[in-house]
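Since the structure comes first, as structure tokens, the remarks are kept for the end.
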Amino acid sequence: MAELAVWPGGGGEMGGLTGLPEELLEQIFCCPLLNHVDVVSVCLTCKKLHELCQARSAVWKHQFRRRWPTLIKYYSTTGSHNWWEEYRIRHSIGGQVQRIVDTFSKRFFTKEVPVDGFKDIEALGGSFHFIADELMSILNMDGRKYLTWKFYSRKILCFLRQQDIMEKLKEFLRTPPEHQKLIEGVVLVDQYCNPLADTSLENVLLQLNCITEEVKKVLRLKHSSHPSITAERDEVSIDDLGQQQHVLDAMNCVLYKQLKFKGNEDDYYNPMNSYICQVSDF
């Protein structure tokens, strides 16, 4: 970290950092050249800078986003958050997760990890996203280092995600059938069977909506008065066989001619061919 001096100014007042407006200090502390260690070091120099860093949420939000960018999506953009506290908790959970992962090779080196072997990680009680993010950080470590940590981090992450998805599946099945949405169940099954894949309902719906719009474009060119073109989702029921055929023709055009969908001829019975994330990838 570059040296940040505090020197006497004119009139007996302190100059340097402590003499600057708080808004300017906030911008300085959010400088990309400063990491969390630098900010903490500055906070320890005097009471004013310590109070400033604690009070100015933008400083620790910047550090949080910089260090764990994938976690920002779990926070409301309109809500008020204590970013220093969030940073402190995430940092603490990260250390605890690493210590637990380190014990796995000693405890389960010669045997498979039993279900109750994950009780330590479950007992952390912190945010599931914080724990999962730390495990992903271990998996993404460079090269061939920490291979044992990566091996057990993968096992732990699979277990935790499947436990989380199972609860969501149970809640889904408790929903009255008339209120269940097929696509939600399909995505949950995909997430449970592929716990390390980045599958989300939002992304799948976005892909399906893109396909729907392309089908409407084809319909509009060939059958401009077709009732499904202007209808909102789930608001139209087409009984006419001819109009049904028009939709099928448009779907076939988009799926098989434009998007080049096809079966997996080389490995037809691979279970991955049945998961929505794999099927809808285009």
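Just check the stretch 25-78 against the gyration tensor rule for me: Cα atoms, a ≥ b ≥ c as the square roots of the eigenvalues, rounded for a/c under 1.5, and otherwise prolate or oblate depending on whether a/b exceeds b/c. Prolate is the answer for the stretch 25-78, as a/c is 1.5 or above and a/b outweighs b/c. Annotation: aspartates and glutamates with alpha-carbon distance below 16 angstrom to Lys155 (same-chain offsets under eight excluded): Asp102, Glu112, Asp116, Asp120, Glu122, Asp133, Glu134, Asp164. Ligands, DNA and RNA are left out, and with a 1.4 angstrom probe the accessible area of the chain is 66 Å² per residue. Rolling a 1.4 angstrom probe over the stretch 199-282 with all protein chains present gives an accessible area of which 51% lies on carbon and sulfur atoms. If you plug the beta carbon distance of Lys106 and Leu24 into 1/(1 + (r/R0)^6) with R0 = 45 Å, you get a FRET efficiency near 0.35. What's the whole-number percent of alpha carbon pairs in the chain lying beyond 27 angstrom? Of all Cα-Cα distances in the chain, 62 percent exceed 27 Å.
How much mean residue ellipticity at 222 nm does the chain get from its helices, if each DSSP H run of length 4 or more adds -39500 (n - 2.57) and you divide by all residues, to the nearest 500 deg cm²/dmol? Mean residue ellipticity at 222 nm (helix-derived): -17500 deg cm²/dmol.
For a 28 Å ceiling on Cα separation, which of these pairs sit above it: Lys222/Lys262; Lys73/Lys111; Lys181/Lys262; Lys170/Lys260; Lys61/Lys168? Over 28 Å Cα-Cα: Lys73/Lys111; Lys170/Lys260; Lys61/Lys168.
For the stretch 78-173, the fraction of 1.4 Å probe accessible surface lying on carbon and sulfur atoms is 52 percent. What stretch of the chain, leaving out the sites themselves, is the longest with no GluC sites (Glu not before Pro) in a DSSP loop having at most 11 other Cβ atoms within 10 Å? Between the exposed loop sites, the longest stretch runs 113-231. Take the alpha carbon gyration tensor of the stretch 115-155, find the square roots of its eigenvalues, order them as a ≥ b ≥ c, and report rounded if a/c is under 1.5; if not, report prolate when a/b exceeds b/c, else oblate. In terms of gyration-tensor shape, oblate.
Dividing the convex hull volume of the alpha-carbon atoms in the stretch 101-202 by its residue count gives 121 Å³ per residue. Applying 0.36 nm per residue to the separation of Cys210 and Asn140 and subtracting their alpha-carbon distance, the gain on full extension is 22.1 nm. Taking a ≥ b ≥ c as the square roots of the eigenvalues of the Cα gyration tensor of the stretch 17-123, is the shape rounded (a/c under 1.5), prolate (a/b larger than b/c) or oblate? It comes out prolate by the Cα gyration axes.
For Cys158 and Ile229, a Förster radius of 45 Å and the Cβ-Cβ distance give a FRET efficiency of 0.55, rounded to the nearest 0.05. Convex hull volume of the C-alpha atoms in the stretch 61-146, normalised per residue: 109 Å³.
The values are calculated or read from the model by the stated rules, or taken from the named source; none is laboratory data. Everything quoted here is computed from the prediction, not taken from an experiment. Please note: Cβ atoms are built from the backbone with ideal geometry, for glycine as well, and neighbour counts cover all protein chains shown. These area figures cover heavy atoms from the full protein model, side chains too; ligands, DNA and RNA do not enter into them. Shrake-Rupley method; radii C 1.70, N 1.55, O 1.52, S 1.80 Å.
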